[in-house]
Every structure is written in structure tokens, then in C-alpha cells.
Amino acid sequence: MKLKKILLLLIFLPILIMAFSPAAWAENQSIWEQKTPLLEKNSIVVYSDPSCGCCEGWIKHLNKQGFKVTNIKTPNVFSIKEKYQVPEQLASCHTALIDGYVIEGHVPAKDIKRLVLNKSELQGLSVPQMPVGTPGMEMGNRKDPFSVVGFEKNGKTSIFETYQSY
């Protein structure tokens, strides 16, 4: 019985390690995502500070996921957040616009696709602050838990997706 457990562990351990690697949610797409065509309007405009390196990492993530990114570098990203009514508690380092939605911070591409394809009533999505392990914020094997927060024009928020640490 012990040998059987050891064999199962040896067989499934590499699979588990790969599935729970820091970028697993970015690389291992669900069946739904694999069958979903690229967004018809997959153009996204990102407003970022010229000196921000993590914004470039997030943009690379979006490009890999099929988005056509226009990056507008501005030293006054906060005016963009204000203009598009990003709730202050949801602010992060960059703000993006896609198909009438506001994307704040290091939101994974698959969540943006889900928002747009489902024609959500939300105003947008945010990953508040800058959690380690989110797209563009990778730091080795470290991955902090984080939530993607949906927000409405009236300021109401809800959890759109949750990612656990491992």
C-alpha cells in the first residue's frame, strides 16, 4: 500500500508542481478559454507612468494573451483614475480601458476576457495595490493570494475572482 502511494506521488508530483507554479493561471488555460476566440475588440489602452517597470510586465502578459496594447505613458496616471471613477481604495499603478470597461492594476488577462465576453454590468475590474505574483509582479516562486475586484459606477464592489497562494 505504501509503495502504491509513493508511485502515485511520483507520477502526480510533477503535474502538481506545474499546475501550481506562479504563472499557472496565465499558462494553463481552462477549456473555456481555449475554445474562446480572441475578443473581437481586443484592443486595450493602458495608461502608465513612464518610470514603472511592472506595467511593462503586465503589458507583456496582455500581448501574450492576444491583446493589442496601446501604452500611453503619462506622469499623471491619477488624473486618468479620477476621470474614469476608479474607487480610491482600488487604485494601483496603471489604468487601462477596453470596450467601455476600466481595468485597474495587475488584472490577469483571462479575467478581462471574461468581463468583456460576458458583457458584464460592472464598470471595471481591479487588483488593488500590487500583489506579488500577479502578471507583471512576478518575484521568483513567491505568489501572494489576491482577489480581482469588480466595481460599479455607484462605488459598490464585489469579488470577481480569487487566486490563492501556494
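Here is a list of conditions, (1) in contact with a helix residue (DSSP H, G or I) (Cβ under 8 Å, 6 or more places away or on another chain); (2) crowded, with 19+ Cβ neighbours inside 10 Å, and I80 meets all of them except one; can you say which number that is?
Looking at each condition in turn, I80 falls short on (1).
Criterion first (more than 10 Å from the chain's Cα centre (by Cα) and either within 17 Å of Q65 (Cα to Cα) or without any contact (Cβ under 8 Å) to a residue 60 or more places away in the chain (or both)) does V102 satisfy it?
In short, yes.
Check whether at least one residue in segment 112-132 is under 15 Å from I59 (Cα atoms) and of a type in the set (D, E, K, R), and report yes or no.
Checked segment 112-132: at least one residue is under 15 Å from I59 (Cα atoms) and of a type in the set (D, E, K, R).
Of all the residues that make up segment 107-146, how many are closer than 18 Å to Q89 by Cα and at pLDDT 95 or above?
7
Which of the residues spanning segment 108-166 are among the aromatic types (F, W, Y), in contact (Cβ under 8 Å) with a residue 60 or more places away in the chain and either in a loop (DSSP other than H, G, I, E, B) or crowded, with 21+ Cβ neighbours inside 10 Å (or both)?
Within segment 108-166, F151, Y166 qualify.
Could you list all residues from segment 83-113 that are hydroxyl-bearing (S, T, Y) and in contact with a helix residue (DSSP H, G or I) (Cβ under 7 Å, 6 or more places away or on another chain)?
T95, Y101
The values are calculated or read from the model by the stated rules, or taken from the named source; none is laboratory data. If you're wondering where the values come from, they're calculated on a predicted model, not measured in any experiment. Virtual Cβ from ideal backbone geometry, glycine too; neighbours counted across all protein chains shown.
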